[in-house]
1. Kindly check whether there is at least one residue in the stretch 122-137 that is among the small types (Gly, Ala, Ser), exposed (fewer than 10 other Cβ atoms within 10 Å of the Cβ) and at pLDDT 60 or above.
2. Would you check which residues across the stretch 29-41 are surrounded by 15 or more Cβ atoms within 10 Å (Cβ to Cβ) and touching a residue at least 12 places away in the same chain (Cβ under 8 Å) and list them?
3. For Asp130, all conditions in the list (1) free of Cβ contacts under 8 Å to residues at least 40 places away in the same chain; (2) not β-branched (Val, Ile, Thr); (3) not in a loop (DSSP other than H, G, I, E, B) hold save one; what is the number of the exception?
4. Can you spot a residue in the stretch 53-64 that is out of contact with any strand residue (DSSP E or B) (no Cβ under 6 Å at 6 or more places or on another chain) and within 25 Å of Phe107 (Cα to Cα)?
5. Does any residue of the stretch 14-28 turn out to be of a type in the set (Ser, Thr, Tyr) and buried (at least 18 other Cβ atoms within 10 Å of the Cβ)?
6. What number goes with the only condition from (1) under 17 Å from the mean Cα position of the chain (by Cα); (2) over 20 Å from Leu79 (Cβ atoms); (3) not polar (S, T, N, Q) that Glu42 does not pass?
7. Answer yes if at least one residue in the stretch 88-101 is surrounded by 11 or more Cβ atoms within 10 Å (Cβ to Cβ), in contact with a helix residue (DSSP H, G or I) (Cβ under 7 Å, 6 or more places away or on another chain), within 25 Å of Arg29 (Cβ to Cβ) and acidic (Asp, Glu), and no otherwise.
8. How many residues, within the stretch 72-94, are over 17 Å from the mean Cα position of the chain (by Cα) and not in a loop (DSSP other than H, G, I, E, B)?
Amino acid sequence: MRTPRVSAPFRGTTRYAPLAAMVQQDQARKDDIESWLYMVVEWTSGGLPWRKLKAHDREKVLMYKQDVRTKPDILEDFLYNCPKKEFTRILKYVDTLGYYAVPDYSFIYYCVQHAATANKIKDTDPLDWDPDHPYFGPIEIPGEGKVIDLEVEGGASTKDFSKRHAKEKEKDLSDKTRKIKRAAGSKK
């Protein structure tokens with residue numbers, strides 16, 4: 001992990017950006033969790049207190065995000081229709097972490113599981129968009145690195161794209177290698 005810079009340009013979407021990004025500091029793993037929490041709160045409650053502010057209102061959004069941590073009424077508004085106890089624990093936990101800290105993802109998972117249990121949510125509950133069928137999770141284990149063949153416009157498939165992309169990369173690499181050998185040969 002690199003050493004944090006004194007100042008880092010803003011990166012991200014104002015609505016979900018962590019405090020570090022908002023004050024132009026380098027972001028770390030803890031900041032990913034903070035951004036994730038903003039998204040989960042939005043999905044759960046239907047909106048964030050700063051949802052009507054635009055990207056250029058960054059200072060106002062920053063104030064909201066700071067107030068969530070210090071003003072109980074803003075925290076209450078932020079966590080409207082959310083599992084307050086568990087989400088507050090996650091937010092407070094993230095705020096204790098430093099730049100180099102490795103988050104305890106098991107603790108965050110525990111908080112999410114506890115929120116589900118407390119709200120009588122089972123992992124087989126149907127998804128909102130498919131209420132007639134229980135949810136059984138992904139069919140395959142994610143992360144095996146296999147290319148999933150999907151139909152794309154024009155009748156091509158993602159496998160065709162992957163093969164073409166690999167050939168293009170191979171050609172670029174061999175072109176660069178030839179140039180380096182030519183340059184080395186001309187220096188002799």
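The values are calculated or read from the model by the stated rules, or taken from the named source; none is laboratory data. Computed from a predicted structure; not experimentally measured. Using ideal geometry, Cβ is built from the backbone for each residue, glycine included, and neighbour counts are taken over all protein chains shown.
1. Taking the stretch 122-137 first, the residues among the small types (Gly, Ala, Ser) are 137.
After this cut, where a residue has to be exposed (fewer than 10 other Cβ atoms within 10 Å of the Cβ) as well, the list is 137.
So of that shortlist, the ones also at pLDDT 60 or above come out as 137.
Within the stretch 122-137, one or more residues are among the small types (Gly, Ala, Ser), exposed (fewer than 10 other Cβ atoms within 10 Å of the Cβ) and at pLDDT 60 or above.
2. Selection gives Arg29, Lys30, Asp31, Ile33, Glu34, Ser35, Leu37, Tyr38, Val40, Val41.
3. (3)
4. Narrowing the stretch 53-64 to residues out of contact with any strand residue (DSSP E or B) (no Cβ under 6 Å at 6 or more places or on another chain): 53-64.
Those still in the list that are within 25 Å of Phe107 (Cα to Cα) too: none.
No.
5. Yes - at least one qualifying residue is present in the stretch 14-28.
6. (2)
7. yes
8. The qualifying residues number 14.
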